1. In this structure, is residue 27 of a type in the set (Ser, Thr, Tyr), assigned to a loop (DSSP other than H, G, I, E, B) and at pLDDT 65 or above?
2. I'm trying to understand the selection: among the residues of the range 1-41, which are among the small types (Gly, Ala, Ser) and out of contact with any Lys or Arg (no Cβ under 8 Å at 6 or more places or on another chain)?
3. Is there any pair with a first residue in the range 8-35 that is free of Cβ contacts under 8 Å to residues at least 60 places away in the same chain and a second that is in a strand (DSSP E or B) and of a type in the set (Gly, Ala, Ser) whose Cβ atoms are under 9 Å apart and which are 6 or more apart or on different chains, and what are they?
4. Looking only at the range 30-57, which residues are at pLDDT below 70 and of a type in the set (D, E, K, R)?
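The values are calculated or read from the model by the stated rules, or taken from the named source; none is laboratory data. Remember, predicted model here, so these are calculated numbers, not experimental data. Heads up, the Cβs are rebuilt from the backbone with ideal geometry, glycines too, and the neighbour counts pull from every protein chain shown.
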Amino acid sequence: MKDTALYQAILGLIPPWTVDSVQVDKTSQRIIVTIMHESHLGVACPTCSKAQGKRMKIRVMPGLAI
């Protein structure tokens, strides 16, 4: 299973949301997951309501021992 498919399942994302990429940052001990919305209009940030375009980055498991 690819990293993107694994995190898609872990996060429970369903279309129109998909995992675009997964990056491991060993320096900050974080896993950064970039999710994408298939809409041409983009989406708003759920926290600040600011337009974010089609991609959003979320940080998963801070402090994870990698």
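1. Taking the combined requirement at face value, the residue satisfies it.
2. Passing the criteria: 5, 9, 12, 21, 28.
3. 32/21; 33/21; 34/21
4. Passing the criteria: 54, 55, 57.
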